[in-house]
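The structure under discussion appears below in the form of structure tokens.
The values are calculated or read from the model by the stated rules, or taken from the named source; none is laboratory data. Remember, it's a predicted structure, so these values are computed and weren't measured experimentally. Please note: Cβ atoms are built from the backbone with ideal geometry, for glycine as well, and neighbour counts cover all protein chains shown. Surface areas here come from the heavy atoms of the whole protein model, side chains and all, with no ligands, DNA or RNA. Shrake-Rupley method; radii C 1.70, N 1.55, O 1.52, S 1.80 Å.
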Amino acid sequence: MAFEIRQSWKTIPPWLQPVTNHGAEAKGGREMTVVGRACISRWVVDEILERFFHPGLDLGLSVHLKTIEQGIRRNHYDPQSIEEDDALSSKVCNWRLTTLDALVQDLQSANAVEYKARLTQHLIDKLVASLQMHLNEPTPPGLLGGVSMIVEIAVGLASNLPLESRDVRVWYPLPGVLFDGKFMKAEGQLPPLVQPMAGGEVTTSEGSDKVLMDVDQHNPGGEENGVKDGTLKSSGSVHGPGAPGSQGEASNNSNKPAEQHKPKPLGVASRIRQRVQGTSTRVHNNTAPAGIPPVGQPTSTGQQPGPPPLQKGSSIVSLPGEGTQGGQPPKEEQKVVRIAGFMAVEVRGRSILVKAPVWC
């Protein structure tokens, strides 16, 4: 169904806008198919599987019992071992099965069939309305039929999951969570995120530029702290080239004691900018910080610090701070989920039934 409505999107839901390219809804390509899968999958988990205890019960009672079931785990302290987690899962399962034993007559009555049918129709209308908010008019012809099939299957699962003696967990990975190969499988062939619709953070090639920009934005009085238009101010007035009085002041200041030429304390942005510029200069000039002799300069003991000279035929030189540290390879950057196209299903502490397909 997500494929059928991929070209009918008018707007993208707000929670998916930061991970969707600008103008993707107008193209209606594979990215919008994934958006449709994400919207429907999360809605099924939040509005059906995580909301109702059993579809054959009264609506209010079913919601209240599901809240109690979730509260058993939510109000319990975090398990510190596998045994404690298994004990908590057994506690939840025992409560659920005991509650169902007490409600067995209600679930086998004629009212249960009516409750289930009424809930199914209510959920169909709710999902159709949720999708229509973001779709063009007229409504795609296959929308109602596809939604009806999805809701009926989900309600059937919600009727059988409570009867399981195992603690079955169904959850949807939200954008921004860390990728976990145990519960997720990486998918490909999705247009890269070049220009997000909203909420995307714009970063520069160097993290230092972003830090400086953030400090300047939060420090409107940066001029008084020594920062103005990316330049440092000295203790005296700053004059441009050829400004009147600049030569006279320079000649007069040359005869003053050195104590009078101490600069004012630098602000936060100035200190950060100074450290960044100093680090860049040391790297490019192949110099070391104060107290550490440069590579190739003998120390007091006559030994050559730093890495050994390159062997004949070598063509790669590692700059200070690059490559491995302490003989250990650099850690691989952890991938983050951009968007998930389905939910993950696991038997808590036992096995993985369904891995969620995700795009990073």
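Some notes on this structure:
- When T67 is tested against (1) in a loop (DSSP other than H, G, I, E, B); (2) open to solvent by 50 Å² or more (accessible area, probe 1.4 Å); (3) not hydrophobic (A, V, I, L, M, F, W, C), exactly one condition is not met: (1).
- Residue pairs meeting the criteria (Cβ under 7 Å; at least 6 apart or on separate chains; first in contact (Cβ under 8 Å) with a residue 40 or more places away in the chain, in segment 1-23; second part of a loop (DSSP other than H, G, I, E, B) and among the polar types (S, T, N, Q)): S8/N136; K10/N136; I12/T20; N21/Q195; H22/Q195
- When S148 is tested against (1) loosely packed, with under 14 Cβ neighbours inside 10 Å; (2) among the polar types (S, T, N, Q); (3) modelled with pLDDT of 95 or more; (4) over 27 Å from I72 (Cα atoms), just one condition goes unmet, and that condition is (1).
- Note on segment 29-52: residues that are outside any helix (DSSP H, G or I) and surrounded by fewer than 18 Cβ atoms within 10 Å (Cβ to Cβ) amount to 3.
- Which listed residue is loosely packed, with under 13 Cβ neighbours inside 10 Å, of a type in the set (D, E) and closer than 24 Å to L353 by Cβ, from E137, E164: E164
- Candidate set: segment 328-345, residues that are modelled with pLDDT of 85 or more and not in a strand (DSSP E or B); chosen: the one surrounded by the fewest Cβ atoms within 10 Å (Cβ to Cβ): K335
- Scanning segment 17-28 for residues being more than 14 Å from M1 (Cα to Cα) and not in a helix (DSSP H, G or I) gives a total of 4.
- Checking W95 against (1) exposed (fewer than 15 other Cβ atoms within 10 Å of the Cβ); (2) more than 30 Å from I339 (Cβ to Cβ); (3) out of contact with any Asp or Glu (no Cβ under 8 Å at 6 or more places or on another chain), the condition it does not meet: (3)
- Pick from segment 170-195, criterion out of contact with any helix residue (DSSP H, G or I) (no Cβ under 9 Å at 6 or more places or on another chain) and among the charged types (D, E, K, R), ranking: most open to solvent (accessible area, probe 1.4 Å): K182
- Residue in segment 11-27 that is out of contact with any helix residue (DSSP H, G or I) (no Cβ under 7 Å at 6 or more places or on another chain), of a type in the set (A, V, I, L, M) and closer than 25 Å to C360 by Cβ present: yes
- Of all residues in segment 28-42, those that are more than 15 Å from Q189 (Cα to Cα) have Cβ atoms under 8 Å from Cβ atoms of residues that are part of a helix (DSSP H, G or I), 6 or more apart or on another chain, in A38/L16; C39/L16; C39/S130; C39/L131; I40/L127; I40/L131; I40/I150.
- Counting only helices (runs of 4 or more DSSP H) that sit completely within segment 98-189, those holding 1 or more residues that are among the hydroxyl-bearing types (S, T, Y) correspond to 110-132, 143-160.
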